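Below is one structure, written out as C-alpha cells, with a few remarks after it.
The values are calculated or read from the model by the stated rules, or taken from the named source; none is laboratory data. Note that this is a predicted model, so its numbers are computed, not measured. Don't worry about glycine lacking a Cβ; one is built from the backbone with ideal geometry, like all the others, and counts go over all protein chains shown. For accessibility, only protein heavy atoms count, side chains too; no ligands or nucleic acids. Shrake-Rupley method; radii C 1.70, N 1.55, O 1.52, S 1.80 Å.
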Amino acid sequence: MLTRFLTRLGWSVVTMFGTSLLVFILLNAVPGDVARIVAGPKASPAVLKQVRARYHLDEPWWRRLGYYYAGLAHGDVGHSFVTDQPVAQAILTRLPTTAALATVAVVMWMAVAVPLGVSTARYRGSIFDRGTLVVATLTLSLPAFWLARMLQYWLAYKLRWFPVAGFRSFVDLLLPAATLAILAIGYYARLIHANMVEVLQSPYVTAARAKGVSEMGVLFRHGLRNALIPVVTILGMDVAGLLGGVIFTENVFALPGIGTLAVQSVFNLDVPVIMGTVLFSALIVVGANLVVDVLYQWIDPRIKERV
Amino acid sequence: MNAPAQSRRRNHPPRSEGVGRWGWIALLLIILAADATAEEGGAAPRRGGTLRLVSPTDWRSLDPVIAFDGSSTPLQKLLFRGLLDYDGGINLIPDQASDWAVSPDGKTYTFHLRPGVKFAHGREVEAADYIYSFERVLNPKTASVGQTYLMDIVGAEEFNLGKAPHVTGLRAPDARTLIIELKKATFVFRYILAMNFTDALPRELVEKYGKDFQYHMIGSGPYVIKEWRRHIGYRFERNPFYSGTDGYVDRVDLMIGGDQALHAMMVERGDLDFAIASAADAVRFTHDARLRPWLLRVPLASTDYFFMNTEVKPFDDVRVRRAINHAVNHERMLKLAGGFGTVAHGIVPPSMPWTNSNVPVYPYNPERARELLREAGFPNGFKTQLSFISSRTQDSRMAGGIAEDLRVVGIEVELQPLIYSAFEVKVATRKSAPCGVWGWQQDYPDASNFLDVLLSGDRITDTECNNTAFYSNPKVNQLLGQAGASVVAEERLELFRAAERQIMADAPWVPTVNEVVPVLVNPRVHGAVAHPVWMYRYEKMWLTP
C-alpha cells in the first residue's frame, strides 16, 4: 500500500514538473513584450529597460526558468508582474471563495443526482425515466457561461430572487453554485442510474430480495452503496476539473476566486500568476487522484486485496 | 447630473384669503423667488453616504509613481493631491499651493504651499515632500513612467543615472516654498505638474513601508484607503485632516470584477451608483425613456486612428494615403464604435478643447480613392496587412470595417489580430507593421501631446517609437520644434494648427473617431459631470439620501 502510494506520489511530482516546464515554454513562445504590460503603453525606452532588468526579462528564457525553479525550491512561487503581489498570497486569498463555490456546487448536484439516479433506475423505462434522460442530455450540452448569464439575468436581475453578483455571504454562492450543479446533475444522475441498473440485476441483490429485505433497503443499502463506487472516482476527478467550470462562473458572477485570477493573469500575460494558477490546478488534479485512490480502496476492500 | 427631483420640492406658503390681484402677483413673485432659492439650496452638495463604484479589473497600484492610466486617475484623486489642478475645464488652478509663478524666461517655477494642508496621518505637507516625491519618480528603482515627464528639470538626468544624490533643480528655501528650475523653457511643464505622479507623498511612510507602501498609501487627498483586497475591492474613507471643501460622500466602495453587462444590471437594480457601459447597454439606456437620464456621456480627449507606415511601400506615396482617407467611411466607423463619439476630422481631439479650421478633409469617395490609386500606379489595388489589438472590441470592429472599405477600392487587407504586448512591439518597430488601428488619449490638454508625441519626425526611433506611421516632414518637424520652444500660448496654438494642417495634407493617418464614454449613473448621484482631463471626479460627487 505504502509503496503504491509513494510511486503515485513520485509520478505526481514528475507530472507537476512536466506541467510547469510545458507552460513556461509555451508562455515564452507567446509573442509580445511583458515589460510593455508592466510599464504601460506610454513608458519610455529607458523605463522599459528598467522593468526588463527588474524582472529578468532581458535574459534568456532558460535562465528565467532556472530562477523560477530556484524560487520554487525555496517555496517562493514568485511575484505578480502586474501587481507585485506574492503569487501564493494571490491564490490563497482566493482559494476560500473557489473552495466554497465548488463545495456548495457538489453538494447541490449530488443531492439532486443521487435520488434522481436511484428513482430512474427503480422506475426504469417510465415516462419519468425518459423525461429525466432528455433533461439530463439538455443540461449536459449547455455552455457554462451562457447558463450562468441566463440564471443571473432571469433569477437575479429580473425576478430579484438572488443577489446579482459579488461574494458577501453564503447566499451569493447559491446561483453560481446552481450553475455548476445544473451542468453536472444530468451526467451524475445518468451515471448513478446506469450503475444502479447493473447493480440491481446482480445476484446478491436478488438474494437480498429473496431474504425479504425491504425495497428501500435493497435500493440504498445494497444497490446505492455499490453503485456509488465508480461515481466516487469520477467525482474526485470532476472536483479537480471544476476549476475549468469556475472560470466562467466566477467571471460572470464577479466572484473573487481562482477562476477570475486565472482569466485576469492570462489577459495581462502575467507569467508568474499564470504559472501559479496552472501549477495549483495541477496540484489539485494530482491530489484528487491520490485521494480517490485511497478512498477507492476504503470503499471497496476487494481493490486492496487485488493490489 | 441634473438636480434631483427632491431638491426642487417647494415649500409653498399657506394660502391666504382676500389678497387681491396685486397680492396674488406679489405672492407669485415670492413663490418664484422661494423656488429659485430652494433650487440653489437643493443643488448645494450634501455630505454623507456611500458612493458605490465598480471596475472590471484591478490596477497594478494606485501609487502615483506606478499608476498611469485614465481609469485609475479619478481614484488617485481621492487619495493624493499636488500643486496644481484643473478647474471644471482645462484652466490650471493652484491646488495645494496658495500661489505660483513662472519666471519671464519660463525656466523657473515658484510655488508657495497653502498652510494647513495635511497628509492623512496628520503631518503638514512641506516643500521637501514634493522634492522627495519628484525624486522618487525619477529614481530608476521605481521604474516610473513619470520619469520621462520630469527630465526637463535641472539635474534630473544626472540623478536618474545615479550621478548625483539629488535633483539640483529642486529647491525648498523654506517649508512652504518650492522652486523648480528647468533646463529649458517648457510650456507644458505646468500641465505635468497637474499629473498624478507629481502629487505629494510623506517620506517617512514611503520609506517605512518600502515596496508595501502601495498597501498603506497615505496622501493629502480627501480620502484614505481603509481596505484594499486585491482584485476584490477597495474601501475609501475620509481623511480626517483634509482641508479642502470637496470629498462629499463619507465612503467610497469600489467593487472589482464582472463585465460591463453585469455592471449595467447592478446599476439598474440600485446595487451600484456609477459604471462604464458597453455600447449595447448605452444604446438600451438611450432608447428607454426611464433610463435615458441615467446615461452620462463623457467625451474622451482621444483620437482613434488608422495609421499607415510612411516608410513602407506603397504607403510611402502620399497619393495612396490620401486614397485610403477617401476610401474609409467615417460615418460607418462611428457606428462600429457603437455610435458613441464623433467622427474625427483631425489629429487633435475637439474635446481637448481644440479647433482648427482649414484642415484638409477627405470625404468618403471610393471613386476618388480609385482615381488616386491609379495615379499612384496601383490601378488594381494592392495587398497589405493590418495589425490591431484583438482584445479591444472597438479596434477589432474598426479593423474589419476598414478592411471592407478598402476592399471596395481594390485593396486586399489581411487582418492581423495581436495581443496587446505583441501589437505594441510590432507597430513601434521600424518597417515592421505596414498599417494598423490604434488610439491615443491625452496626458495633458496640449496639442503637443498628440502632434509632437505621435507625429514628430524628430522623435522617430528604430524601436519603441510612438510615431507608428514613422511620418516625418521637415516642415512639420520645424513647426513642432518652434511650438515646443515657445512659451506664448497663442503663438504655440497657431504653430500647432499649421502643423496639424500639414500632417492632414500628408495623410499618414485616417483619424476615425473621437470617443465618448457612456457611463451609467444612478439618479441619486449628483455632481457627476464630464471633465475634459480627468473624465470625472468622484470626490466632487454627492448623494441624495
Any hit, the range A:290-298, residues being at pLDDT 85 or above and either open to solvent by 20 Å² or more (accessible area, probe 1.4 Å) or in contact with an Asp or Glu (Cβ under 8 Å, 6 or more places away or on another chain) (or both): no
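Identify, please: which residue in the range B:404-425 is at negative phi and in a loop (DSSP other than H, G, I, E, B) and is, among those, farthest from the other protein chains (Cβ to nearest Cβ)? Steps first, please.
The initial filter retains those residues of the range B:404-425 that are at negative phi, namely B:404-409, B:411-425.
The next check asks that each one be in a loop (DSSP other than H, G, I, E, B); those that pass are B:409, B:411, B:419.
Values: B:Val409: 31, B:Ile411: 26, B:Ile419: 5 Å.
Among residues in the range B:404-425 that are at negative phi and in a loop (DSSP other than H, G, I, E, B), the one farthest from the other protein chains (Cβ to nearest Cβ) is B:Val409.
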Of the criteria (1) away from every other protein chain (no Cβ under 14 Å); (2) assigned to a loop (DSSP other than H, G, I, E, B); (3) of a type outside the set (D, E, K, R), which one B:Ile180 fails: (2)
Any hit, the range A:134-144, residues being within 14 Å of chain B (Cβ to nearest Cβ), more than 27 Å from B:Asp259 (Cα to Cα) and open to solvent by 30 Å² or more (accessible area, probe 1.4 Å): no
Qualifying residue in the range A:42-55 (condition: among the β-branched types (Val, Ile, Thr), outside the structural domain of A:Phe280 (by TED's automatic domain parsing) and open to solvent by 70 Å² or more (accessible area, probe 1.4 Å)): no
Which numbered condition A:Thr120 misses (of (1) in contact with a Ser or Thr (Cβ under 8 Å, 6 or more places away or on another chain); (2) in the same structural domain as A:Gly186 (by TED's automatic domain parsing); (3) under 30 Å from A:Gln264 (Cα atoms)): (3)
Residues located in the range B:165-180, provided they are more than 20 Å from A:Ser44 (Cβ to Cβ) and open to solvent by less than 60 Å² (accessible area, probe 1.4 Å): B:Leu170, B:Ala172, B:Ala175, B:Thr177, B:Leu178, B:Ile179, B:Ile180
Candidate set: the range A:225-259, residues that are under 28 Å from A:Trp154 (Cβ atoms) and of a type in the set (D, E, K, R); chosen: the one nearest to the other protein chains (Cβ to nearest Cβ): A:Glu250
Residue within the range A:12-19 that is hydrophobic (A, V, I, L, M, F, W, C) and open to solvent by less than 30 Å² (accessible area, probe 1.4 Å) present: no
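Does A:Ala111 satisfy the criteria of being crowded, with 19+ Cβ neighbours inside 10 Å, in the same structural domain as A:Arg225 (by TED's automatic domain parsing) and either at pLDDT 90 or above or not β-branched (Val, Ile, Thr) (or both)?
On the way: crowded, with 19+ Cβ neighbours inside 10 Å: no; in the same structural domain as A:Arg225 (by TED's automatic domain parsing): yes; either at pLDDT 90 or above or not β-branched (Val, Ile, Thr) (or both): yes.
So A:Ala111 fails the test.
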Filtered residues of the range B:385-426 (kept if of a type in the set (A, V, I, L, M) and either under 18 Å from B:Leu336 (Cβ atoms) or modelled with pLDDT of 95 or more (or both)): B:Leu386, B:Ile389, B:Met398, B:Ala399, B:Ile402, B:Ala403, B:Leu406, B:Val408, B:Val409, B:Ile411, B:Val413, B:Leu415
Test result for B:Val529, touching a residue at least 40 places away in the same chain (Cβ under 8 Å) and outside any strand (DSSP E or B): yes
Of residues in the range B:152-161 being away from chain A (no Cβ under 12 Å) and part of a loop (DSSP other than H, G, I, E, B), the one least open to solvent (accessible area, probe 1.4 Å): B:Gly155
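Looking at this structure, is B:Arg290 surrounded by fewer than 17 Cβ atoms within 10 Å (Cβ to Cβ), of a type in the set (Lys, Arg) and assigned to a helix (DSSP H, G or I)?
Numbers: surrounded by fewer than 17 Cβ atoms within 10 Å (Cβ to Cβ): yes; of a type in the set (Lys, Arg): yes; assigned to a helix (DSSP H, G or I): no.
So B:Arg290 does not fit the description; no.
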Residue in the range B:65-75 that is assigned to a helix (DSSP H, G or I), under 23 Å from the mean Cα position of the chain (by Cα), within 14 Å of chain A (Cβ to nearest Cβ) and not hydrophobic (A, V, I, L, M, F, W, C) present: yes
Matching residues in the range A:1-58 - criterion: being closer than 18 Å to B:Leu418 by Cα and of a type outside the set (Val, Ile, Thr): A:Leu26, A:Leu27, A:Asn28, A:Ala29, A:Pro31, A:Gly32, A:Asp33, A:Ala35, A:Arg36, A:Gly40, A:Pro41
Qualifying residues in the range B:88-97 (those that are under 18 Å from the mean Cα position of the chain (by Cα) and open to solvent by less than 50 Å² (accessible area, probe 1.4 Å)) - the one farthest from B:Asp174 (Cα to Cα): B:Gly89
From B:Tyr132, B:Tyr191, B:Tyr209, B:Tyr149, residue being open to solvent by 10 Å² or more (accessible area, probe 1.4 Å) and in contact with a His (Cβ under 7 Å, 6 or more places away or on another chain): B:Tyr209
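Looking only at the range A:225-272, count how many residues are β-branched (Val, Ile, Thr), within 17 Å of the chain's Cα centre (by Cα) and over 30 Å from A:Asp33 (Cβ atoms). Write out each step before concluding.
First pass over the range A:225-272, keeping only residues β-branched (Val, Ile, Thr): A:229, A:231-234, A:239, A:246-247, A:249, A:252, A:258, A:260, A:263, A:266, A:271.
After this cut, where a residue has to be within 17 Å of the chain's Cα centre (by Cα) as well, the list is A:231-234, A:239, A:246-247, A:249, A:252, A:258, A:260, A:263.
Then drop every residue that is not over 30 Å from A:Asp33 (Cβ atoms), which leaves A:231-234, A:239, A:246, A:249, A:252.
Number satisfying all stated conditions: 8.
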Test: residue in the range B:247-260 that is surrounded by fewer than 20 Cβ atoms within 10 Å (Cβ to Cβ) and over 30 Å from A:Tyr153 (Cα atoms): yes
Set A:Val82, A:Val87, A:Val104, A:Val77: member being closer than 21 Å to A:Val266 by Cβ, out of contact with any strand residue (DSSP E or B) (no Cβ under 9 Å at 6 or more places or on another chain) and surrounded by 15 or more Cβ atoms within 10 Å (Cβ to Cβ): A:Val82
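Please work out if A:Val82 is of a type in the set (Val, Ile, Thr) and free of Cβ contacts under 8 Å to residues at least 24 places away in the same chain.
Numbers: of a type in the set (Val, Ile, Thr): yes; free of Cβ contacts under 8 Å to residues at least 24 places away in the same chain: no.
For A:Val82, the condition - of a type in the set (Val, Ile, Thr) and free of Cβ contacts under 8 Å to residues at least 24 places away in the same chain - is not met.
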